[in-house]
1. Taking only protein heavy atoms and a 1.4 Å probe, what accessible area per residue, in Å², does segment A:123-206 have with all protein chains in place?
2. How big is the accessible area of B:Asp353 in square angstrom, nearest 10, if you roll a 1.4 angstrom probe over the protein chains?
3. Could you tell me which of the pairs A:Lys219/A:Lys243; B:Lys328/B:Lys374; B:Lys49/B:Lys76 are separated by over 19 angstrom between their Cα atoms in the structure shown?
4. In terms of solvent-accessible area of protein heavy atoms at a 1.4 angstrom probe, what is the ranking of B:Tyr206, B:Tyr269, highest value first?
5. Please give me the summed charge of the neighbours of B:Ser120: other residues whose Cβ is under 13 Å from its Cβ, Lys and Arg +1, Asp and Glu -1.
6. Once you list every other residue whose beta carbon is under 9 Å from the beta carbon of A:Pro205, what net charge do they have if Lys and Arg are +1 and Asp and Glu are -1?
7. Can you compute the modelled spin-label distance between B:Glu278 and B:Ser214, with each label point 7 Å from Cα toward Cβ, in nm?
8. Can you give the net charge of the other residues whose Cβ lies under 13 Å from the Cβ of A:Gly129, counting K and R as +1 and D and E as -1?
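The values are calculated or read from the model by the stated rules, or taken from the named source; none is laboratory data. Because the structure is a prediction, the values reported are computed rather than measured. Note that each Cβ is placed from the backbone with ideal geometry, even for glycine, and that neighbours are counted across all protein chains shown. Ligands, DNA and RNA are excluded from the accessible area calculation, which covers all protein heavy atoms including side chains. Shrake-Rupley method; radii C 1.70, N 1.55, O 1.52, S 1.80 Å.
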Amino acid sequence: MQTTTNIENLFRLNRLPHIWCPGCGNGIIVNAVQKAIYESGLDKDKTVIVSGIGCSSRATGYMNFDTLHTAHGRAITFATGIKLARPELNVIVLTGDGDCAAIGGNHLIHAARRNIDLNVIMFNNSIYGMTGGQFSPMTPHGRLATTSPYGNLERTFDICKLAECAGASYVGRSTVYHVQLLVNLIKKAIENKGFSFVEAISICPISYGRRNKLGDAPKMLEWLKEHAVNIKAAQKMEPEKLKDKFLIGEMYHGEAPEYTQLYDELIAKLQKGAEKDVR
Amino acid sequence: MKTKRNAQLLQGNQACSLGALDAGVRFYAGYPITPSTEIAEFMAEELPKVGGKFIQMEDEIAGIGAVVGAALTGTKALTATSGPGFSLMQEIIGFAAMTEVPCVIVNVQRMGPSTGGPTSPAQADIMQARWGTHGDHPVIALSPGSVLEAYTLTIKAVNFSEKYRVPVIFLLDEVIGHLREKVVLPELNELEIIDRKRPTVSPEQYKPYAVDESGIPAMADFGQGYHWHVTGLNHDETGGPTGKADVINQQLSRLFHKLDQYRDEITLYQTFDVEDAEYLLISFGCSTRSSLAAVELLRNEGIKVGLLQLQTIWPFPDHVIKDFTKNKKGVFVVEMNDGQLCLEVERTIGNRDLLSRINKINGELITPQEIIDKVKEVAL
Ligand SMILES: Cc1ncc(C[n+]2csc(CCOP(=O)(O)OP(=O)(O)O)c2C)c(N)n1
Ligand code: SF4
């Protein structure tokens, strides 16, 4: 068992500096994830971090665990294989909004449906950052992107609702402004034995903010501060006041049987009193 | 005395599944598709009994993704599919080749392109097995010609994937996959089972892609404290991404050529009546069987024909082809496609005039008579 006394040990310091632009929100989310791992006391040897492809998914390269940087959209499938093969491992998935909600959307809903014990943290920067600013399923209607030069005609997912409806047993949303909340949600996600999904709303000043004249990084953070409303507070607010706001906090927490546990129970049942294999 | 392994009637797909279990495969993830589905059904039933895991994923991309994930934890893992699913898997087969994660992909070939003939046989994924994913890369592909071979070669496939850390493509075809034959499987204790080489150094000293003279790096299981990084990006010995041209060149050269020194071990084939043969048939998979029947009938008529059955398709056994085609009056490549293997034979022997193609692309088997007619056309 390797619990860590120093959070620095959770980073591959020799891989720094990172590739992210100045003002990018990715570092804040990675820090929140590491803090949650640290405070949850996870065994470093038994924790695996899996990511897809995108700016955000490069995070695994800087984290000092068994780490797996996979293919665009497919992180959850690799994570499913790891978790099912070795249920004793803690498996955390880091993914972008394009990675998770577009090319990987099918894997997201099916992993949620199985309620397999993965912790998926979706970095939502409202854009395809790595490829230079094309719109994603999380780019708000009307926004500019290189592939929506006249304004985005499409609508976004409410990805938290999608995860919940698909069967996730824990769902939360926070932002890179509300870091303590983000850490707490990720800790709860880790604690939850089942599929947990946390949407971390981020900022991409370079490929998104600039094109949409949203200002620099501090300005974008300020926007998050002003437009996020905690779900508990929202319950007491007039709908009128919530019109241009979005909700953060614990969005859903339910009970459901976890997939790898069911599978282990099946194995135990089949092996109990089963005749020795006489092929 | 009752032996464990009595004669039994087995289907090719079942034999492949049994071979996988006996080789130590304990993880299966995939998506159902004819004519491979019996493998998934077998695995769903048998794996949990031996403590293994089966999962039906939402598509074939997810299937191969889960297989690679499981393989990284030290578990031997396999998936099975057919043409359309094999096409979907290509990106992650390349990921497995690049990151050197052992896994086996069974492709029970059916007619293509596209949906083609879901229940009709073909042998037309030869080139896709080699070059289906983008970029240069190493790969091994084996193809069985009988139910017994479906068993024994699956064990080889798993062993090769473990020993050389490559994805191995197991090219069954609809005929062999669905064929039922009486077989007597070898005793379990007669089998050679190979496990991947694991690091003997401490995590601090571990360099995931550093090699000794074997050219194959030692692989730590996830969850053992080695804290290594796996990426499909160009990477250096430490596994971390790199943009340095000389390091990339060195790593990729090793990767692309890591099978070269093992060519003899990897090359599997059988010969029939080749000693005095003046004419040679070259075939594989189900077409081996028609070829063998044709050899017998032609010999009855005094025409000296032999057969070379390739069990290893990739890496292409140039040296074997060269040896057996030497001094022949004619060489015939028998395959259910438009002449894919023939391209490689042509490249190898460099003499087009010596070569004839015997192909069929309508979903029906090549008959012995069709082979006989073609050979006679040339020989008489
Ligand atoms: C199969 C495939 N299609 C497309 C790409 C190109 N690509 C790389 S990253 C990316 C989008 C990344 O956006 P997101 O997931 O939101 O992550 P971000 O970079 O914004 O963190 C795309 C389209 C790819 N690598 N693979
Ligand atoms: S492009 Fe955007 S998401 Fe990517 S590193 Fe730069 S700021 Fe961050």
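1. Each residue of segment A:123-206 exposes 41 Å² on average to a 1.4 Å probe.
2. Solvent-accessible area, nearest 10 Å²: 150 Å².
3. As for pairs spanning more than 19 Å Cα to Cα, those are A:Lys219/A:Lys243.
4. B:Tyr269, B:Tyr206
5. Neighbour charge sum, excluding B:Ser120 itself: -1.
6. The answer is +1.
7. 5.0 nm
8. Numbers: positive: A:Arg58, A:Arg210, A:Arg211; negative: A:Asp97, A:Asp99.
It works out to a net charge of +1.
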